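Novice: Questions regarding the structure given below will be posed in turn.
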Amino acid sequence: MKRSLTLLAVVVAMAAAGAYWYVHGKVPQREGEVAITGLSAPVSVRYDERGVPHLQAQNEPDLYRALGYVHAQDRLFQMELVRRLARGELAEVLGSKLVPTDTLFRSLRIREQAARMVERLDHQSPSWIALQAYLDGVNSWQASHPKPVEFDVLGIPERPFTAEDTLSIAGYLAYSFAAAFRTEPALTYIRDQLGPEYLKIFDLDWQPDGALRPALAAGDWRTLEGLAQLSHQALGDAGIPQFEGSNAWAVAGSHTRSGSPLLAGDPHIGFAVPAVWYEAELSAPGFNLYGYFQALNPFALLGHNRDFGWSLTMFQNDDVDLIAEKTNPADANQVMVDGQWRALETTEQQIAVKGEAPVTINLRRSPHGPIVNDVLGETAGQTPIAMWWAFLETENPILDAFYQVNRADTLGKMREAAAKIQAPGLNLVWANARGDIGWWASAQLPIRPDGVNPAFILDGSTHQAEKLGFYPFSANPQQENPPSGYIVSANYQPPAAIPIPGYYNLPDRGRQLDRRLADPQVKWDVQNSQALQLDTSTDYGPRTLAPLLNTLRAIAEGDEQKELVEQLAAWRGDYPLDSTSATLFNQFLYELAFAALHDELGDTWFQVLISTRAIDAALPRLAADADSPWWNLRGGHDRTDRTAIVRQAWQRSLAHLRELYGNDPADWQWGKAHTLTHNHPLGQQKPLNLLFNVGPFAAPGTHEVPNNLSAKIGPAPWPVNYGPSTRRLIDFADAGQALTINPVGQSGVPFDRHYSDQAEDYVQGRYHKAQMGVIPARSTLRLVPPGQ
């Protein structure tokens, strides 16, 4: 036995040593000296205590080559996965379940558009030279180091990264902003299958031309159900964060304690491991920037230095139209456009599938754009559904745009750069140390025919699908140094002189920020701005409940239920961890939606609708309209009314919460029901979740509060799926003391010390300094040309 135990100990020790050696070989190198081909002079990379690299180079090409190198060693798997998603190549490494996702992204024609964009670019421009240097750095690291652990687990082959990959990811970014795939089919189904009276809660008029003619068949509606479902699930199945919304504001020096402008921003993006942003400070002669970078993009989408800074929010303009084509009865491959039958273009592609034979797909395109319902294969209906998408129809020099944004220290330079961002639509909120603040809604906005409502699927055989050109950038909403002394951007519909259809968020969040910033008694600094970013209150709950309180009081049974109703009546719409009213309201909101809408919509359309922004505005309108047809139970023998539906929703809410959290309502605390887990793509498979995922954490906040930690409408518990992807606060009186936080950690390498070292601070609402200049380095990596 003694010999056996000794042998076992040796085996365990060898296994532990092997595991340590394997893991240690994957960890980023943050000190020492490394030779990199292509460098013309040494580059210093100083790492701070959060693992953020501060790069000092003697010229821009060396700077971007070094950025690519250090970005790759922290985030190569993220780069690989996002490019595969954008280009429809996930099934090659994740298996056949990702074939529908790949087919969807192939049908969007992102790969082809990226290739056209590369051809159009000036290959002598500074932005192209910077991109090539950055990609050289990425490829240099990949070629000279062990593969990330995820590559080993999934068997991912190495291949160089290209400019087409970078621009394909720009297409994914644009797609992740688009809500049309879910919203337009759902609203069209409600209009054409239920009737115009059901549209009132969406504040939509009956389209002047009426329902689609000829009407879509049952098979077409099943196709649109499937398309809406697939577009919603595609990003989740791949474990890729989706862009959802954002807060940003700029305050002029007249309203700040320091007398200099203050900039705040927190873009709202799906949570994942690794986090979406990679932080780095870049310095070269004549250039300095503390930036937040996305995978395979050398230009910061967020950033600042001591002279200026900016943040982003989603514009949320509608830049996708779904178009039902009328086919020729004599030739199903022809569609009616401008009074003539036009042939569909067809191309064949193959999707590589891990462990299986390749799948051949046929992609069709009409004069209006790609046919997108073909992704459902044999289950697709007979009516081709085309997609007009601004990303495919504009020049969109987005690389040049952000190269200039990274250097735009004046209003004029920022305005010029903003005009070059054409898709996706973005709000750029900007400030500089000289005292200027500005906001530009950046997008190339299409001119649609009068009377056309793009919230519905359009009829391709009529004028509805036409585009009459684009509005000039000068017509876009924008402000420069407004008299109010502050600017707020929070995804609500901006005032404009031209019609700008879109899938906007509720005004509640923006209204909350605006009320606070408008207070003339407050002088803003980074301290009180933290409280504003972390605010967890909203008017949404109280205004939704207000018309229902008398009904709730009438149907409440017993003293305990009556007390719960009165607690809801007194609730101010805040979501701290210990709130029980927040938990009860959110459960009731779902049960009310289900009881009122599910019988008309069925399982799929109901789930599609509650995943859209349209539902947020619809539910308060429904609650306030006692005569809405949604209250009547479809198919029932007895007519129901609002009281009956409210009673049903209330009793189901109480039963569900008692089952989950016990009979004592004091135990129904928000922090128990509302939790944040940062999921890694490999963590979707148990027990790998224990190794790769980070969390769960009890999470304050909710949907459409400033601290927008959001979960979808549904029954408790509520896993948070998106929220602030970073929080930033910059007072330009001393931008070197700017504050920031990463939701998880700087590194995407499992078992690295910076993999999850900020996760606890993030959920607790703590900040770190975004250090600039000569920093107290924890370690220094020196990158040198070969032979030096």
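Every number in this text was worked out from the coordinates using simple rules, so none of it is lab data. It should be emphasised that the depicted structure is a prediction, and the values quoted were computed from it without experimental measurement. Positions of Cβ are backbone-derived with ideal geometry, glycine not excepted, and every protein chain shown enters the neighbour counts.
Novice: Computed over the Cα atoms of the chain, what is the convex hull's projected area averaged over all directions, in nm²? Could the numbers behind the result be given before it?
Specialist: Values: hull surface 154.7 nm².
Mean projected area for the chain: 38.7 nm², to one decimal.
Novice: OK, next. If you average the alpha carbon positions of the range 184-206 and of the range 338-389, how far apart do those two centres end up, in angstrom?
Specialist: Their Cα centres are 28 Å away from one another.
Novice: Compute the FRET efficiency between A332 and K686 as 1/(1 + (r/R0)^6), taking r as their Cβ-Cβ distance and R0 = 30 Å, and round to the nearest 0.05.
Specialist: 0.05
Novice: In whole Hz, what ³J(HN,Hα) sequence does the range 459-472 give by Karplus (6.51, -1.76, 1.60; θ = phi - 60°), x for Gly and Pro?
Specialist: 8, x, 8, 10, 5, 3, 7, 5, 10, 9, x, 10, 6, x
Novice: Can you give the FRET efficiency to the nearest 0.05 for S484 and K562, using r as the Cβ-Cβ distance and R₀ = 35 Å?
Specialist: Computed FRET efficiency for S484 and K562: 0.20.
Novice: May I ask you to sort L55, L426 by Cβ crowding, counting other Cβ atoms within 10 Å and putting the fewest first?
Specialist: Ordered from fewest to most neighbouring Cβ atoms within 10 Å, L55, L426 come out as L55, L426.
Novice: Less than 16 Å apart at the alpha-carbon level, and either on another chain or at least 8 residues along: which aspartates and glutamates does that give for K672?
Specialist: D574, D578, E659, D664
Novice: Turning to a different aspect of this structure: Roughly how big is the range 540-720's charge dipole about its Cα centre, with Cβ charges of +1 (Lys, Arg) and -1 (Asp, Glu), in debye to the nearest 20?
Specialist: 400
Novice: Another one. Could you give the size of the charge dipole of the chain about its Cα centre, using +1 on the Cβ of each K and R and -1 on the Cβ of each D and E, expressed in debye and rounded to the nearest 20?
Specialist: Numbers: 65 positive and 87 negative charges, 291 e Å.
My answer is approximately 1400 debye.
Novice: May I ask you to list the GluC sites (Glu not before Pro) in the range 520-621 that are in a DSSP loop and have at most 15 other Cβ atoms within 10 Å of their Cβ?
Specialist: Those that pass, being in a loop and sparsely packed, are E557.
Novice: Work out the length of the dipole vector of the range 338-444 about its Cα centre, built from +1 on the beta-carbon of each Lys and Arg and -1 on the beta-carbon of each Asp and Glu, and round it to the nearest 20 debye.
Specialist: Approximately 360 debye in magnitude.
Novice: Still on this structure, I have one more. Under a straight-distance cross-link criterion of Cα-Cα below 22 Å, which lysines are reachable from K147, leaving out those fewer than 8 residues away in the same chain?
Specialist: Cross-link targets: K26, K354.
Novice: Arranged by the count of other C-beta atoms within 10 angstrom, fewest first, what order do T640, T726 take?
Specialist: Numbers: T640 17, T726 22.
Lowest count first: T640, T726.
Novice: Restricting to Cα pairs below 8 Å that are 6+ residues apart, what does the relative contact order work out to for the range 386-431? Please round to a whole percent.
Specialist: Dividing the mean separation by the residue count of the range 386-431 yields 45 percent.
Novice: In whole Å, how far is the Cα centre of the range 435-455 from that of the range 517-541?
Specialist: 28
Novice: Do me a favour and compute the ellipsoid semi-axes for the range 540-720 from its Cα gyration tensor, root of five times each eigenvalue, largest one first, whole Å. Let's see the in-between values first.
Specialist: On the way: eigenvalues 165, 82, 45 Å².
Semi-axis lengths for the range 540-720 are 29, 20, 15 Å.
Novice: Would you work out which of P274, S260, F308 lies farthest towards the positive end of the dipole of the range 251-332? Charges go on Cβ: Lys and Arg +1, Asp and Glu -1.
Specialist: It is S260.
Novice: Then there is this: What percent do you get for the relative contact order of the chain when only Cα pairs under 8 Å and 6+ apart count?
Specialist: The normalised contact order for the chain reaches 19 percent.
Novice: Then there's this: Based on alpha-carbon positions alone, could you give the equivalent ellipsoid semi-axes of the range 94-147 from the gyration tensor, as √(5λ), descending, whole Å?
Specialist: So the equivalent ellipsoid measures 27, 22, 5 Å along its semi-axes.
Novice: If each residue of separation counts as 0.36 nm, what is the full-extension length gain between A546 and E33 once their alpha-carbon separation is subtracted?
Specialist: 178.2 nm
Novice: I'd like the distance separating the alpha-carbon centroids of the range 416-434 and the range 549-618, in whole Å.
Specialist: Cα centroid to Cα centroid, the span is 39 Å.
Novice: While we're on this one: With an 8 Å cut-off on Cα pairs and a minimum separation of 6 or more residues, tell me the relative contact order of the range 540-720 in percent.
Specialist: 25
Novice: Follow-up. Just want the answer: with Cβ charges of +1 for Lys and Arg and -1 for Asp and Glu, which residue in Y471, T583, P499 is farthest toward the dipole's positive end in the range 464-586?
Specialist: Of the options given, the answer is Y471.
Novice: May I pose another question? How large is the helix-only mean residue ellipticity at 222 nm for the chain, computed as the sum of -39500 (n - 2.57) over DSSP H runs with n ≥ 4, divided by its residue count, in deg cm²/dmol to the nearest 500?
Specialist: Calculated from helices alone, the mean residue ellipticity at 222 nm is -11000 deg cm²/dmol.
Novice: Let me ask something additional. In nm, to one decimal, how far is the modelled label at E119 from the one at A666, with both set 7 Å along Cα→Cβ?
Specialist: 7.2
Novice: If you count, for each residue, the other Cβ atoms within 10 Å and average over each peptide, how do 173-180, 242-249, 350-357 line up from highest to lowest?
Specialist: Ranked from most to least packed, the peptides come out as 242-249, 173-180, 350-357.
Novice: Right, something else. In whole Å, largest first, what are the principal axis extents of the Cα atoms in the range 390-490?
Specialist: Largest to smallest, the principal-axis extents are 54, 31, 20 Å.
Novice: Under the Karplus relation 6.51 cos²θ - 1.76 cosθ + 1.60, θ = phi - 60°, what is the ordered set of whole-Hz ³J(HN,Hα) values for the range 158-171, x standing for Gly and Pro?
Specialist: Going residue by residue, I get 7, 8, x, 8, 10, 4, 4, 5, 4, 6, 5, 5, 4, x Hz, with x marking Gly and Pro.
Novice: Report the one residue of Y540, G695, G714 whose Cα lies farthest in the direction of the positive end of the charge dipole of the chain (charges on C-beta: Lys and Arg +1, Asp and Glu -1; origin at the Cα centre).
Specialist: It is G695, whose Cα lies furthest towards the positive end.
Novice: Residues of the range 429-445 with backbone nitrogen within less than 17 Å of a virtual label 7 Å along the Cα-to-Cβ line of L468, please, listed as ranges.
Specialist: 445
Novice: Sorted by packing (mean other beta-carbon atoms within 10 Å per residue), highest first, where do 745-751, 188-194, 478-484 land? Present the calculation step by step, with values, prior to reporting the outcome.
Specialist: Details: 745-751: 23.6, 188-194: 20.4, 478-484: 14.3.
Answer by packing, highest mean first, reads 745-751, 188-194, 478-484.
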